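Asker: There's a structure below that I have some questions on.
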Amino acid sequence: MNIEVSRLTKSFGGNEVLSGIDLTFRTGQVYGLVGRNGAGKTTLFNCLAGMEKHGGNVIAEVEPLKDRIGFLQTEPYFPSRLTGREYLRLFCKARGVPDVGLDERNVFDLPLDRYAQQYSTGMKKKLALLAILLQENEFFILDEPFNGVDIHSALLITEIIRRLKSEKKTVLISSHIFSTLKDTCDVIHVLDGGKITETIGEEDFERLEREMTAFAIGNRLDSLM
Amino acid sequence: MTALSYFARLQFKRMHRTLHDLGVNPWLIYVSAPLLFTGGSIAVFSRTSYAGWIYVAIAAVALFQLGKPTRLDFLRQVFNKPAYWRIRILENTLTVAPFVTFLLFKHEPRFALGLLALAAATLPFRTRPARTVLPTPFSTHPFEFAIGFRNFVGALLIAYLLMAIGVYVGNGQLSIATLLLVVLVCSNYYAWCEPLLYVWVYHLTPTSFLWLKVKTAVWHLTIILLPLLLMAVTFFPGDWLAVLAVLATGYGFLALSVLAKYAAFPQGVSIPQGILMAASLVFPPLLIGSIPYFFRVAKNNISLKI
């Protein structure tokens with residue numbers, strides 16, 4: 001699904017968090033979004049998903065976009081005493097897709113008949129990811145999909161992203177683990193100060209990583225250790 | 001300022017902000033709460049000889065609320081052992097203090113002492129998160145009734161027990177009141193607001209979404225209510241009109257609870273809205289106006305999110 005984002009702005013009171021974001025998402029492409037804490041990544045995701053009011057335009061090839069987005073939040077929330085299976089059913093029913101064969105499609109081997117709130121951080125992330133995969137969305141927003149998951153699941157998630165790409169889905173990911181972006185993305189956008197400051201293709205991923213490392217570490221530890 | 005006094009100030013600030021966010025002047029509550037408590041207590045003690053027990057039950061619920069594990073873990077993490085226990089003792093004492101004071105005023109020293117003993121006994125108490133999954137008939141259509149049923153299964157068991165007692169002693173009014181109790185318990189399932197994502201995710205228009213929620217609530221309430229209803233009409237056929245009135249009010253109030261939740265979403269129902277809901281329950285003809293009102297507000301509110 002092709003999506004055009006133009007002049008997207010978002011303010012909280014007098015604090016402008018996003019100022020004039022222009023982005024283009026093309027079918028079958030995987031996009032990365034990097035930025036420091038507080039750069040506005042989650043706010044941008046919320047705006048794209050239509051969960052926050054914003055200025056500017058988000059125009060999708062097929063509308064309404066929100067009904068075709070699978071949104072994996074940084075910290076998915078699960079009410080108490082709701083089982084994993086019930087959570088998956090809820091998300092399927094909400095989008096009108098069949099909620100059958102959940103056990104066969106449970107690729108992460110989650111204990112679906114246990115309360116989701118008792119899951120570990122990684123298991124919660126996998127349950128939320130599984131729910132949006134079952135929804136058969138066209139556009140996926142994955143906010144820190146590798147947070148807290150074990151090494152095997154991280155490999156599986158990487159493969160899932162590749163599979164989504166091959167199935168012509170559009171994916172937007174943020175991750176604090178640069179290697180996961182390097183392994184999956186076609187393009188990486190750098191968000192800084194509420195603006196997209198750089199858009200980088202695969203050929204320049206190494207350079208971006210070097211620059212980020214230099215910026216993040218530099219000589220700042222000298223004053224501490 | 002010590003950590004303890006700072007913590008106490010923070011607690012007061014949190015309470016102040018919560019009241020403010022509910023759309024009411026906090027100072028109005030600070031002034032009216034003692035008056036309401038005293039008035040309510042006088043009313044309870046003048047109407048029933050079980051007032052002391054009712055008091056103990058209310059205070060026990062409040063004390064158990066203070067024993068939630070996430071809350072206690074937080075206190076343990078922040079404070080050292082002596083400070084932790086001082087906070088627990090202070091909280092439990094303050095919680096039972098109004099009840100103890102009124103019980104002493106009513107010359108009920110045994111209940112007052114019992115309540116203090118309960119406050120002391122619950123100090124090391126810690127509610128445990130549920131580990132075993134309670135099966136429910138509502139699992140296929142999550143989530144309000146599935147969660148509510150598990151959280152308040154005790155209340156439903158009490159309702160079924162009251163119905164059995166009503167039938168056993170031939171008290172039709174008790175049986176009919178039990179139907180209303182079940183409605184109130186189930187309406188309470190909608191007191192909690194889910195995160196925005198749980199509404200956003202629906203591929204429905206606001207009207208269809210609200211209709212789906214009301215339809216599911218009505219269907220699920222019927223599943224819980226049906227056995228009780230059959231017992232009431234079988235054993236007290238002469239009370240069919242009262243049963244019908246309770247059912248009409250009950251289903252109306254349930255629909256109102258669903259709509260009120262989404263009228264206020266993602267915040268909780270405000271105090272003025274709560275008063276309108278309570279008035280509609282006490283005087284059911286008001287439902288004719290309050291249901292369309294809450295539907296309109298909910299539809300407009302949800303259209304911004306769905």
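What follows draws every value from the coordinates through simple rules; no lab data is involved. Owing to the predicted nature of the structure, the values given are computational and were not obtained by experimental measurement. Note: ideal-geometry Cβ built from the backbone for every residue, glycine included; neighbour counts use all protein chains shown.
Asker: How far apart, in nm, are two points set 7 Å out from the Cα along the Cα-to-Cβ line at B:Q11 and at B:I54?
Answerer: So the two model labels end up 2.7 nm from each other.
Asker: Something else now. Compute, for chain A, the length of the dipole vector about the Cα centre, with Cβ point charges of +1 (Lys, Arg) and -1 (Asp, Glu) only. Units Debye, rounded to 20.
Answerer: Values: 28 positive and 32 negative charges, 122 e Å.
Computed charge dipole of chain A: roughly 580 debye.
Asker: Measure nothing fancy, just the Cα-based angle from helix B:69-78's long axis to the longest principal axis of chain B, in degrees from 0 to 90, nearest 10.
Answerer: 30
Asker: Output wanted: per-residue J couplings in Hz (rounded whole) for the stretch A:41-58, from phi through Karplus 6.51 cos²θ - 1.76 cosθ + 1.60, θ = phi - 60°, x for Gly and Pro.
Answerer: Residue by residue, the stretch A:41-58 yields 4, 5, 5, 4, 4, 4, 5, 4, 6, x, 8, 10, 6, 8, x, x, 10, 10 Hz.
Asker: Please work out the FRET efficiency for the pair A:D204 and A:N15, using the Cβ-Cβ distance as r and a Förster radius of 35 Å; give the result to the nearest 0.05. List each step's numbers first, then the result.
Answerer: On the way: r = 32 Å, r/R0 = 0.91.
That pair, A:D204 with A:N15, gives E of 0.65.
Asker: What ranking do B:Y84, B:Y6 get, fewest neighbouring Cβ atoms within 10 angstrom at the top? Mind dumping the intermediate values first?
Answerer: Values: B:Y84 15, B:Y6 10.
If I rank by nearby Cβ atoms, fewest first, I get B:Y6, B:Y84.
Asker: Does chain B come out rounded, prolate or oblate, given a ≥ b ≥ c as the square roots of the eigenvalues of its C-alpha gyration tensor, rounded meaning a/c under 1.5 and, failing that, prolate meaning a/b above b/c?
Answerer: It is oblate, given that a/c is not under 1.5 and a/b is not larger than b/c.
Asker: Right, next: Can you give the calculated 222 nm mean residue ellipticity of chain B, where each DSSP H run of n ≥ 4 adds -39,500 (n - 2.57) and the sum is split over every residue, rounded to the nearest 500 deg cm²/dmol?
Answerer: Working: 14 runs with 233 residues, N = 306.
Value at 222 nm, helices only: -25500 deg cm²/dmol.
Asker: Also, I was wondering about something else. Using a cut-off of 15 Å between beta-carbons, work out the net charge of the residues near B:V214 (Lys and Arg +1, Asp and Glu -1, B:V214 not included).
Answerer: On the way: positive: B:K213, B:K215, B:K261, B:R296, B:K299; negative: B:E144.
Summing Lys and Arg as +1 and Asp and Glu as -1 gives +4.
Asker: From the Cα gyration tensor of the stretch A:1-90, with a ≥ b ≥ c the square roots of its eigenvalues, which class applies: rounded if a/c is under 1.5, or else prolate if a/b is larger than b/c, or else oblate? Intermediate values should be presented prior to the final figure.
Answerer: Details: a/c = 1.98, a/b = 1.36, b/c = 1.46.
In terms of gyration-tensor shape, oblate.
Asker: Of B:I291, B:I54, B:I158, which has the largest mean-square fluctuation in a 10 Å C-alpha GNM of chain B?
Answerer: The residue with the greatest mean-square fluctuation here is B:I54.
Asker: What residues have an amide H closer than 5 Å to that of A:L82, excluding those fewer than 5 places away on the same chain, when H is modeled at 1.01 Å from N in the peptide plane?
Answerer: Amide H neighbours of A:L82, under 5 Å, 5+ apart: A:A116, A:Q117.
Asker: Follow-up question, since we're still on this one. For a footprinting-style exposure proxy, rank B:T132, B:T205, A:T42 by other Cβ within 10 Å, fewest first. Walk me through the numbers on the way to the answer.
Answerer: Numbers: B:T132 7, B:T205 13, A:T42 21.
Neighbour counts put them in this order, fewest first: B:T132, B:T205, A:T42.
Asker: Further question: Who wins for biggest fluctuation among A:A154, A:A94, A:A116 in a Gaussian network model of chain A, springs between alpha carbons below 10 Å?
Answerer: So, out of A:A154, A:A94, A:A116, the one fluctuating most is A:A94.
Asker: Each residue of the stretch B:225-232 in order: what ³J(HN,Hα) in whole Hz does its phi give by Karplus 6.51 cos²θ - 1.76 cosθ + 1.60, θ = phi - 60°, with x for Gly and Pro?
Answerer: Computed from phi, the couplings for the stretch B:225-232 are 7, 3, x, 5, 5, 4, 5, 4 Hz.
Asker: Would you work out which of B:A8, B:L63, B:L247 lies farthest towards the positive end of the dipole of chain B, given +1 charges on the beta-carbon of Lys and Arg and -1 on that of Asp and Glu, about the Cα centre?
Answerer: Highest projection toward the positive end goes to B:A8.
Asker: Using only the alpha-carbon atoms, how far is helix B:26-47 inclined from the longest principal axis of chain B? Give it as 0 to 90 degrees, nearest 10.
Answerer: Taking Cα atoms only, the helix is inclined about 80 degrees.
Asker: When B:H107, A:H152 are ordered from fewest to most other Cβ atoms inside 10 Å of their Cβ, what list results? Show your work: numbers first, answer last.
Answerer: On the way: B:H107 7, A:H152 10.
Placing the least packed residue first, the sequence is B:H107, A:H152.
Asker: On to the next question. Which residue, B:V297, A:S179, A:Y87, has the largest displacement toward the positive end of the dipole of the protein assembly as shown when charges sit on each Cβ (Lys, Arg +1; Asp, Glu -1)?
Answerer: Going by the charge dipole, the pick is B:V297.
Asker: Would you please classify the overall shape of the stretch B:164-268 from the alpha carbon gyration tensor, given that a ≥ b ≥ c denote the square roots of the eigenvalues, rounded means a/c under 1.5, and beyond that prolate means a/b larger than b/c while oblate covers the rest?
Answerer: It is prolate, given that a/c is not under 1.5 and a/b is the larger ratio.
Asker: While we're looking at this one, here's another question. What does the structure give for A:79-92 when I average, per residue, the other chain Cβ atoms found within 10 Å of the residue Cβ? All intermediate terms of the calculation are to be shown ahead of the outcome.
Answerer: Working: counts 10, 6, 12, 8, 10, 1, 4, 10, 3, 1, 6, 8, 5, 0.
Average neighbour count from other chains, rounded to a whole number: 6.
Asker: Then there's this: Can you spot the lysines whose alpha carbon is less than 19 Å from B:K261's alpha carbon? Ignore those fewer than 8 places along the same chain.
Answerer: By straight Cα distance, B:K261 reaches B:K213, B:K215, B:K299, B:K305.
Asker: Using helices alone, what [θ] at 222 nm do you get for chain A, with -39,500 (n - 2.57) per DSSP H run of 4 or more residues, divided over all residues and rounded to the nearest 500?
Answerer: On the way: 6 runs with 70 residues, N = 225.
Calculated at 222 nm, the ellipticity per residue is -9500 deg cm²/dmol.
Asker: Let me ask something else about it. Quick one: helix B:51-65 against the long Cα principal axis of chain B, what's the angle to the nearest 10°, folded into 0 to 90?
Answerer: Rounded to the nearest ten degrees, it is 80.
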